[in-house]
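Just below is one structure, and these are the notes that go with it.
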Amino acid sequence: MSVTAIEKTKLAADFIRQQATVQPRLGLVLGSGLGVLADEITEANVVPYNEIPHFPVSTVEGHVGQLVLGKLEGQPVIAMQGRFHYYEGYTMQDVTFPIRVMKELGVETLIVTNAAGGINKNFNAGELMLIRDHINFQFNNPLIGPNQSEWGVRFPDMSEAYDPAYNQLAKRVAESFGVNLQEGVYVGVTGPSYESPAEIRMFGNLGADVVGMSTVPEVIVARHAGIRVLGISCISNMAAGINDQPLTHDEVMETAEQVKPQFIRLVKGIVQDILHI
Ligand SMILES: Cc1cccnc1O
């Protein structure tokens with residue numbers, strides 16, 4: 001007899017709970033090149049994705065695929081070191097399964113991060129952007145199919161998918177730390193090819209400030225589950241056509257390397273207070 005999605009979620013959560021040193025309240029999804037934040041977690045214990053029942057298995061060679069549970073700035077957290085991308089061939093349900101498991105473990109707040117391409121010409125590679133809203137341009141949705149009413153409603157509201165109170169906190173922390181934090185709209189595309197200049201012009205006309213290949217499905221599922229969300233993009237490079245540079249993944253990783261100190265300082269500052277608002 002096939003195992004239901006709810007049963008798979010509970011089996012994965014039970015496995016993780018047996019190994020966890022904390023009961024996490026805050027979830028972190030760490031995007032390309034940003035997994036280093038998990039190294040800041042104390043009292044940490046690591047659970048490799050390939051040991052967790054029903055967890056997707058990372059297909060990317062040498063890609064760290066593990067959960068890190070412990071304390072970050074004294075708060076009980078669970079961090080994904082390595083995420084699953086739709087472009088790898090995972091289903092939308094695979095991509096978002098870790099968010100369902102986080103909810104089952106008791107997570108009520110999620111910080112989602114990513115590397116993104118800059119579209120807004122006032123932005124620069126190496127800057128951080130607070131996500132105010134997103135555009136789903138992945139021609140799919142993780143909630144398509146029968147609704148699991150114990151997870152959430154059939155038609156979840158997305159009008160404040162990125163929590164306004166969290167965004168006010170992030171701006172206060174950025175200002176206090178002297179971090180130049182941009183703010184804007186993230187458009188999620190499927191990838192894996194980078195966008196064409198014509199597509200970037202279109203996304204700009206549609207109101208997008210950065211583009212990326214992740215985040216949107218995880219946020220939709222988090223909101224469906226009643227998890228409050230804060231999102232931060234690391235502008236890894238300017239998207240196609242914004243300047244005359246060809247796009248490479250190496251450049252995405254190199255920029256993430258440069259922005260890491262600011263990113264870590266900002267997120268740790270946010271983590272100190274986010275569970276109290
Ligand atoms: C992630 C990304 C970086 C740069 C340009 N486009 C993208 O989708």
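The values are calculated or read from the model by the stated rules, or taken from the named source; none is laboratory data. Only a predicted model underlies this, so the values are computations on that prediction, with no experimental measurement involved. Every residue, glycine among them, receives a Cβ derived from its backbone with ideal geometry; neighbour counts consider all protein chains shown.
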> From I242, I227, which residue is within 30 Å of I6 (Cβ to Cβ), surrounded by fewer than 24 Cβ atoms within 10 Å (Cβ to Cβ) and among the hydrophobic types (A, V, I, L, M, F, W, C)?
Replying inline: I227
> Residues of the stretch 200-224 being surrounded by fewer than 20 Cβ atoms within 10 Å (Cβ to Cβ) and touching a residue at least 24 places away in the same chain (Cβ under 8 Å), which ones?
Replying inline: R201, G204, L206, G207
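Looking at this structure, is G191 on the phi > 0 side of the Ramachandran plot, small (G, A, S) and out of contact with any strand residue (DSSP E or B) (no Cβ under 9 Å at 6 or more places or on another chain)?
No: the conditions fail for G191.
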>> Condition (residue is out of contact with any Lys or Arg (no Cβ under 8 Å at 6 or more places or on another chain) and within 12 Å of the ligand (Cβ to nearest atom)) applied to the stretch 152-174: is it met by at least one residue?
In response: no
> So is V77 in contact (Cβ under 8 Å) with a residue 12 or more places away in the chain, away from the ligand (no atom under 16 Å from the Cβ) and in contact with a helix residue (DSSP H, G or I) (Cβ under 8 Å, 6 or more places away or on another chain) or not?
Replying inline: yes
> Has the stretch 141-153 got at least one residue that is touching a helix residue (DSSP H, G or I) at 6+ places or on another chain (Cβ under 9 Å) and outside any loop (DSSP other than H, G, I, E, B)?
Replying inline: no
>> Quick check on G231: is it closer than 30 Å to G178 by Cβ, of a type outside the set (S, T, Y) and touching a His at 6+ places or on another chain (Cβ under 9 Å)?
In response: yes
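Conditions tested, residue by residue: (1) on the phi < 0 side of the Ramachandran plot; (2) buried (at least 19 other Cβ atoms within 10 Å of the Cβ); (3) more than 14 Å from the ligand (Cβ to nearest atom).
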{"position": "G89", "(1), (2), (3)": "no, no, yes"}
{"position": "V95", "(1), (2), (3)": "yes, yes, yes"}
{"position": "E104", "(1), (2), (3)": "yes, yes, yes"}
{"position": "L110", "(1), (2), (3)": "yes, yes, yes"}
{"position": "G118", "(1), (2), (3)": "yes, yes, no"}
{"position": "G126", "(1), (2), (3)": "no, no, no"}
{"position": "L130", "(1), (2), (3)": "yes, yes, yes"}
{"position": "P146", "(1), (2), (3)": "yes, no, yes"}
{"position": "S149", "(1), (2), (3)": "yes, no, yes"}
> Tally time: how many residues in the stretch 257-269 are in contact with a strand residue (DSSP E or B) (Cβ under 8 Å, 6 or more places away or on another chain) and either of a type in the set (D, E) or surrounded by fewer than 23 Cβ atoms within 10 Å (Cβ to Cβ) (or both)?
Replying inline: 5
> Within the bounds of the stretch 120-127, is there any residue that is closer than 19 Å to T4 by Cβ and small (G, A, S)?
Replying inline: no
> Of all the strands (runs of 3 or more DSSP E) wholly in the stretch 177-277, which have at least 2 residues that are near the ligand (Cβ under 10 Å from one of its atoms) and over 15 Å from Q138 (Cα atoms)?
Replying inline: 228-238
> Can you tell me which residues in the stretch 122-150 are modelled with pLDDT of 95 or more and closer than 16 Å to E183 by Cβ?
Replying inline: N122, F123, E127, L128, M129, L130, I131, R132, D133, H134, I135
